[in-house]
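This report concerns only the one structure given below.
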Amino acid sequence: MKNKNLDLISNRLVNAFLNNKIINPISIKYTKKLPNADKFRKLCESKIKKPIIGFKAGGTGIPVIKKLKEKEPFYASVYKHNVLKNNKSVKINKYTLGIELEVCYLLKKDFFNYKKRISKNNMNKFISYIAPCIEVVGYRQKKKGIKSFGDLCSDFGANIKFVIGPKKKFRNNNVKNLKTNISNSKIKQSVNGNTNTVYINPMNSLLFVLKKLQRDKIKHHKDFYVFTGSSVGVVPILSKGVYKGKIEKLGSVKTKIN
């Protein structure tokens, strides 16, 4: 397909993203293979003029990585208008995939001027805060389910909204093997999880994103969030109402689904 057609297709998805619309699925030519989907994501993101507030890791569940025959997760930009404070409401549609519970970090902008290669031994100095976070995931397209990481990556990382719980000052917090739970008490829906399901653990997922940002020579001029991936998988939203997520030692976060 010619670049002109690719440009038109990306314009359709960008318009859907900005105006909360749902469009017909784009060709699997751009979504089936992750490298192609990543290029398409970057093209779409280059057309968004709204401020970026952070970045997310997607596809961080190791069993899912193996099942879909991928080598690693992916990352995507997160825009300021899609990040909400604790207890805020999120409106969903029938193409919403579900809800997730994550560990997120707030990092210093100094990271983008760091000349050395980022590693687990030097990244802690850039972390300011840590918090529990709910992510509502879904498409801007008329499709359901996850057939490939490319499906998620190409559609702006498939993030609808992020709701951030109370932040704690980062003090080299141990986030390995922490119990997690997300629930809707109204319908007695409750799903348990563990932070170790997140690409070994959330700190490893954070390192993955930071390495990708360095590789892609991303520059950002403000402190930024990194959302590390779900500790409970993609939990189906069985009913509207309040969903509460709890992460051991970190605290809780709530959102009302409308």
- Query: Restricting the first residue to region 151-167 and requiring it to be touching a residue at least 40 places away in the same chain (Cβ under 8 Å), which pairs with a second residue that is assigned to a helix (DSSP H, G or I) and small (Gly, Ala, Ser) meet a Cβ separation below 6 Å and a spacing of at least six or different chains?
  - Reply: LEU152/ALA158; CYS153/ALA37; SER154/ALA37
- Task: Scan region 7-26 and report the pairs whose first residue is buried (at least 18 other Cβ atoms within 10 Å of the Cβ) and whose second residue is among the acidic types (Asp, Glu) and part of a loop (DSSP other than H, G, I, E, B), with Cβ atoms within less than 8 Å and a gap of 6+ or a chain change.
- Result: LEU13/ASP155
- What about LYS211, is it in contact (Cβ under 8 Å) with a residue 40 or more places away in the chain, over 17 Å from ILE53 (Cβ atoms) and charged (D, E, K, R)? yes
- Query: Would it be correct to say that ILE92 is surrounded by 13 or more Cβ atoms within 10 Å (Cβ to Cβ), free of Cβ contacts under 8 Å to residues at least 40 places away in the same chain and of a type outside the set (D, E, K, R)?
  - Reply: no
- Task: Out of LEU84, LEU13, LEU18, LEU43, report the one residue that is farther than 16 Å from ASP151 by Cα, modelled with pLDDT of 95 or more and in a helix (DSSP H, G or I).
- Result: LEU18
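For region 138-148, does any single residue satisfy the condition of being closer than 26 Å to ASN82 by Cα and assigned to a strand (DSSP E or B)?
To start, the set of residues in region 138-148 that are closer than 26 Å to ASN82 by Cα comprises 138-148.
After this cut, where a residue has to be assigned to a strand (DSSP E or B) as well, the list is 138, 141.
Looking through region 138-148, at least one residue is closer than 26 Å to ASN82 by Cα and assigned to a strand (DSSP E or B).
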- Message: Kindly evaluate THR180 against the criterion of being crowded, with 22+ Cβ neighbours inside 10 Å and under 14 Å from the mean Cα position of the chain (by Cα).
- Response: no
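The values are calculated or read from the model by the stated rules, or taken from the named source; none is laboratory data. Only a predicted model underlies this, so the values are computations on that prediction, with no experimental measurement involved. Using ideal geometry, Cβ is built from the backbone for each residue, glycine included, and neighbour counts are taken over all protein chains shown.
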